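Peer 1: Quick one: structure below, then a few questions.
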Amino acid sequence: MLKIQENVALAPYTTFKIGSQAEFFAVVKSREEVLEAIAWSKLNKKPLVILGGGSNILITKKIRGLVLKNEIRGIEVIEKNEDYALIEAKSGENWSRFVNFTVERDLYGLENLFLIYGTVGAAPIQNIGAYGVELKDYFYHLRALDLKTGHEKIFAARDCEFGYRDSVFKHRLKNKYFIYAVTVKLKTTPDFKLDYGSIREKLLEQGIKEPYCRDVIRTIQEIRTSKLPNPALLPNAGSFFKNAEISRVKFKNLLKKYPQLPNFPATKNKVKIPAGWLIEQAGFKGKKIGPVSMYAKQALILVNHGAAEAKHVLALSRKVKAAVKRKFGIDLEEEVRII
Ligand SMILES: Cc1cc2nc3c(=O)[nH]c(=O)nc-3n(C[C@H](O)[C@H](O)[C@H](O)COP(=O)(O)OP(=O)(O)OC[C@H]3O[C@@H](n4cnc5c(N)ncnc54)[C@H](O)[C@@H]3O)c2cc1C
């Protein structure tokens, strides 16, 4: 049965360790409890706000409504044949535990997404991605509960309108559904993507030419822990900004001024520029302003050195955006969800 508490501090539920209070707060561990919360929200005319692992969120004000902390767990093999397997995880499951579950069963696809923080249910919201792989590459479908009616709807990949760190759940269907379960379709034979960043180089350093799944996730773990701040020691929410996508025309003009400008193809007409590089060039890498800074080893990550509040994060974010705009004429967009 749903247990609703009042005036609960939210900072401990976020990896930024920043947050005001929730007017109402409840942990949900089953579909029935979500349906109870939907009924409560209708009766009391209070909105529902869903919280997973709190690793992609900046809470700037008191949340008027009921915050649901999702702890609905369980992973199941739905179908397996010679070519592929369909695996479903409930949305409150820890993402990396889910990746581990697939790796232990020699199912291929999610290795590069190992050690991304948070829950399975939040993964489709921003189409999580790392080292050249995105959730959409292995996504099969998701089941979601309508926050008004409680009815279940199945979303296939095309319904989710996935883009770079983007989906329909950030736009047209924002705050409309509780994602209940996600199913991925994985290969039963190796399907590694090793050419992004230093994955292959690191494997070769260990003398591994034909890796197993375990080798790949161990290598991903080594790369990530050497570059990214551990939120338990230095609170943060991962990349604060998205990489910038600019037109080819703008890219060519910038290249004349900055011949070393790093870039990747994005779409037919757009080029992706690493936001970390732009922030570093704008002079913000490692720069501390009050209790916050852009991380010294990876300028894309905004870190909380202790007693930061949302206003400190927002002030630094504004400064970074203005400096990048001045120097490159590029508008950075936040990846972290600000509520
Ligand atoms: C150190 C670090 C490194 C990171 N690296 C990466 C990376 O490499 N790639 C990447 O893509 N991300 C990365 N992230 C960001 C983050 O891990 C992902 O965005 C993750 O999917 C967020 O999951 P969460 O459960 O913590 O979501 P939360 O922060 O709790 O929620 C995020 C949003 O999703 C909504 N939401 C959550 N669950 C549900 C649900 N069940 N139904 C409907 N809406 C829901 C929330 O309302 C909120 O708007 C990193 C974060 C950290 C701290």
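Peer 1: Looking at the stretch 12-30 only, could you name the residues that are within 17 Å of Gly238 (Cα to Cα) and either assigned to a strand (DSSP E or B) or touching a residue at least 24 places away in the same chain (Cβ under 8 Å) (or both)?
Peer 2: Tyr13, Thr14, Thr15, Phe16, Lys17, Ile18, Gly19
Peer 1: Still on this model: Examine the stretch 67-84 for a residue that is away from the ligand (no atom under 16 Å from the Cβ), free of Cβ contacts under 8 Å to residues at least 12 places away in the same chain and within 13 Å of Thr183 (Cα to Cα), and state whether such a residue exists.
Peer 2: Yes: one or more hits.
Peer 1: Condition check: small (Gly, Ala, Ser), in contact (Cβ under 8 Å) with a residue 60 or more places away in the chain and within 13 Å of the ligand (Cβ to nearest atom). Does Ala237 satisfy that?
Peer 2: Yes, satisfied.
Peer 1: How do the strands (runs of 3 or more DSSP E) wholly within the stretch 232-339 filter down when requiring 3 or more residues that are of a type in the set (A, V, I, L, M, F, W, C): which remain? Show your work before the answer.
Peer 2: Details: elements: 236-239, 244-247, 270-273, 292-294, 301-304.
The qualifying strands (runs of 3 or more DSSP E) are 301-304.
Peer 1: What pairs come out if I take residues in the stretch 260-274 that are at pLDDT 90 or above and pair them with residues that are buried (at least 17 other Cβ atoms within 10 Å of the Cβ) and among the small types (Gly, Ala, Ser) whose C-beta lies under 6 Å away, six or more apart or interchain?
Peer 2: Lys272/Ala266; Ile273/Ala244
Conditions tested, residue by residue: (1) farther than 28 Å from Gly118 by Cα; (2) at pLDDT 95 or above.
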residue: Gly197; (1), (2): no, no
residue: Ile208; (1), (2): yes, no
residue: Cys213; (1), (2): no, no
residue: Glu245; (1), (2): no, no
residue: Lys252; (1), (2): yes, no
residue: Gln281; (1), (2): yes, yes
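Peer 1: I'd like to verify a number: residues in the stretch 1-30 that are modelled with pLDDT of 95 or more, within 13 Å of the ligand (Cβ to nearest atom) and at positive phi, how many?
Peer 2: Residues meeting the conditions: 1.
Peer 1: Let me ask another. Test Lys321 against the stated conditions and say whether it is crowded, with 18+ Cβ neighbours inside 10 Å, over 18 Å from Asn56 (Cα atoms) and at pLDDT 95 or above.
Peer 2: When the stated conditions are applied, Lys321 passes them.
Peer 1: How about the stretch 108-154: which of its residues are modelled with pLDDT of 95 or more, near the ligand (Cβ under 9 Å from one of its atoms) and hydroxyl-bearing (Ser, Thr, Tyr)?
Peer 2: The answer is Tyr117, Thr119.
Peer 1: Report yes if some residue within the stretch 179-195 is within 11 Å of the ligand (Cβ to nearest atom), without any contact (Cβ under 8 Å) to a residue 24 or more places away in the chain and not hydroxyl-bearing (Ser, Thr, Tyr); otherwise report no.
Peer 2: Among the residues of the stretch 179-195, not one is within 11 Å of the ligand (Cβ to nearest atom), without any contact (Cβ under 8 Å) to a residue 24 or more places away in the chain and not hydroxyl-bearing (Ser, Thr, Tyr), which makes the answer no.
Peer 1: When you check Val292 against the structure, is it more than 15 Å from the ligand (Cβ to nearest atom), assigned by TED's automatic domain parsing to the domain that holds Asp331 and surrounded by 13 or more Cβ atoms within 10 Å (Cβ to Cβ), yes or no?
Peer 2: no
Peer 1: Would it be correct to say that Arg224 is free of Cβ contacts under 8 Å to residues at least 40 places away in the same chain and either part of a loop (DSSP other than H, G, I, E, B) or surrounded by 13 or more Cβ atoms within 10 Å (Cβ to Cβ) (or both)?
Peer 2: For Arg224, the condition - free of Cβ contacts under 8 Å to residues at least 40 places away in the same chain and either part of a loop (DSSP other than H, G, I, E, B) or surrounded by 13 or more Cβ atoms within 10 Å (Cβ to Cβ) (or both) - is not met.
Peer 1: In this structure, does Lys61 turn out to be within 13 Å of the ligand (Cβ to nearest atom) and of a type in the set (Lys, Arg)?
Peer 2: No: the conditions fail for Lys61.
Peer 1: Go through Glu82, Glu33, Glu76 for me and flag whichever is at pLDDT below 95 and farther than 30 Å from Val303 by Cβ.
Peer 2: Only one candidate passes the filter, namely Glu82.
Peer 1: Looking at (1) surrounded by fewer than 18 Cβ atoms within 10 Å (Cβ to Cβ); (2) closer than 23 Å to Asp166 by Cβ, which is the only condition Ala275 fails?
Peer 2: (1)
Peer 1: Considering only strands (runs of 3 or more DSSP E) fully contained in the stretch 104-188, which possess at least 3 residues that are charged (D, E, K, R) and over 15 Å from the mean Cα position of the chain (by Cα)? Explain how you work it out, then say what you get.
Peer 2: Values: elements: 139-146, 152-156, 177-187.
Fully inside the stretch 104-188 and qualifying: nothing.
Peer 1: Can you tell me which of (1) more than 9 Å from the ligand (Cβ to nearest atom); (2) within 15 Å of Gly118 (Cβ to Cβ); (3) in a strand (DSSP E or B) is the one Val99 doesn't meet?
Peer 2: Status for Val99: all satisfied but (3).
Peer 1: Can you find a residue in the stretch 259-275 that is closer than 30 Å to Arg64 by Cβ, not assigned by TED's automatic domain parsing to the domain that holds Pro12 and not acidic (Asp, Glu)?
Peer 2: No; the residues of the stretch 259-275 include none that is closer than 30 Å to Arg64 by Cβ, not assigned by TED's automatic domain parsing to the domain that holds Pro12 and not acidic (Asp, Glu).
The values are calculated or read from the model by the stated rules, or taken from the named source; none is laboratory data. In this text the structure is predicted, and so the values were computed from the model without any measurement. Note that we place each Cβ from the backbone using ideal geometry, even for glycine, and neighbour counts take in every protein chain shown.
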